Amino acid sequence: VVVEMKGKKKSLIGDEILRTISTKSNIRNRWQQYTIDSLKLTNIADGKYKLYIAVENDIGNSLYTLKKDISFKNNSVGDIIFYKNGIPKDTFTSFDTIIMKIASLKRLKVLIENDTLEFNHNSGFYSLPLNNFKEGVHNIKLFVNDEIKLYKFWIENPFYINKVKWDRMVDKLIYVASRQVIEKLKQTPQDQREVEWIKFWEKFAYNNNYVSYLEAEEDYFRKIEFCEEHFRNGDKGYRSDRAVIYMKYGEPDDIEEHLFEPNGYPYIVWKYSSGYTFVFVDKYGFGEFKLQNQ
């Protein structure tokens with residue numbers, strides 16, 4: 001086997017040829033970087049092989065080595081990879097297009113949810129727009145040459161695309177937005193939601209000394225998720241009384257739990273070093289702790 005890169009050949013094993021279809025080079029920190037986009041195996045019998053690739057500089061020093069067990073099957077298309085923006089992915093949105101690269105293609109038939117689909121073909125790459133697919137898991141069966149390959153891919157859209165998800169996210173702004181602002185955001189047309197969402201958080205970040213709107217948004221929803229996780233069982237999650245206090249004052253410095261009171265209701269006491277003390281009581285025994293006094 002021979003690896004050929006930029007006209008330089010390195011013999012490895014036997015007389016078979018392992019040739020790069022394309023190579024790229026970039027100079028970074030004085031290192032010569034080679035990227036092998038794809039390899040073509042020719043005149044190799046079926047079976048298992050040990051592949052060894054070494055990259056050396058002009059004076060024979062090894063810069064990179066790769067050892068890998070591979071198997072080869074004549075006329076096989078090998079694994080088919082789905083791409084998004086040049087990166088292998090299995091999760092997409094309805095705005096994306098699946099890109100597949102299939103080697104040695106003679107015949108292609110695609111079944112998704114039992115519907116036969118045609119991929120658009122361009123220079124060895126096959127593309128499938130996903131604008132007509134719903135959110136969820138989709139099974140895809142590819143009849144490639146004489147092989148059948150089964151795959152799955154997921155479609156998961158941003159929350160601002162789906163009205164139900166959008167309303168849920170906007171409702172969670174109750175600690176940083178007025179009721180009027182929340183209702184106005186809910187009425188935002190779909191094509192304007194992302195812009196309005198960013199505007200809201202940019203203004204909030206500016207007024208609260210955050211570096212960016214992303215930092216403000218992430219910080220806020222991290223707290224909301226904490227409330228959902230810790231105040232959910234029997235209680236109202238981010239809408240609970242404990243969440244109201246947590247969102248305003250943060251985590252308490254001291255927590256006293258009195259959950260098994262023989263002569264009274266279960267209750268929890270939160271204490272803050274600032275001097276605030278909050279008492280939450282579960283009067284009905286279902287885990288909903290209501291704020292009693294401070």
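Each reported figure results from applying straightforward, stated rules to the coordinates on display, with no laboratory input. Bear in mind that the values here come from a model prediction, so they are computed numbers and not experimental data. A quick note on method: Cβ atoms are made from the backbone with ideal geometry, for glycine too, and the neighbour counts reach across all protein chains shown.
Which order do His258, His138 fall in if you start with the one that has the fewest other Cβ atoms within 10 Å? Let's see the in-between values first.
Numbers: His258 13, His138 17.
Sorted ascending by nearby Cβ count, the order is His258, His138.
Putting +1 on Lys and Arg Cβ atoms and -1 on Asp and Glu Cβ atoms, find which of Val176, Gly287, Tyr272 reaches farthest to the positive end of the dipole of the range 163-294.
Most positive-ward Cα: Val176.
With just the Cα atoms defining each centre, how far is the range 125-203 from the range 209-253? Give it in Å.
Spelled out, the Cα-based centre of one part sits 23 Å from the other.
When Lys and Arg each count +1 and Asp and Glu each count -1, what net charge do the other residues less than 10 Å away from Leu291, Cβ to Cβ, add up to? Write down the numbers at each step before the final one.
Numbers: positive: Arg242, Lys290; negative: Asp241.
So the surrounding residues net to +1.
Can you compute the charge dipole magnitude of the range 130-208 about its Cα centre, using +1 on each Lys and Arg Cβ and -1 on each Asp and Glu Cβ, nothing else charged? Give it in debye, rounded to the nearest 20. Could the numbers behind the result be given before it?
Numbers: 14 positive and 11 negative charges, 58 e Å.
Magnitude of the dipole: close to 280 debye.
Shape call for the range 118-259 from the C-alpha gyration tensor, a ≥ b ≥ c root eigenvalues: rounded (a/c under 1.5), prolate (a/b greater than b/c) or oblate? Kindly include the intermediate steps, with their values, before the conclusion.
On the way: a/c = 2.84, a/b = 1.90, b/c = 1.50.
Since a/c reaches 1.5 and a/b is larger than b/c, the shape of the range 118-259 is classed as prolate.
In what sequence do Lys48, Lys141 fall when counting other Cβ within 10 Å, fewest first? Kindly include the intermediate steps, with their values, before the conclusion.
Working: Lys48 8, Lys141 15.
Sorted ascending by nearby Cβ count, the order is Lys48, Lys141.
For each of Arg168, Arg242, count neighbouring Cβ atoms within 10 Å of the residue's Cβ, then give the residues from fewest to most. Before the final figure, lay out each step's value.
On the way: Arg168 11, Arg242 23.
Lowest to highest Cβ neighbour count: Arg168, Arg242.
Which FRET efficiency, nearest 0.05, do Lys163 and Lys89 yield, Cβ-Cβ r, R0 41 Å?
Numbers: r = 26 Å, r/R0 = 0.63.
After rounding, the FRET efficiency stands at 0.95.
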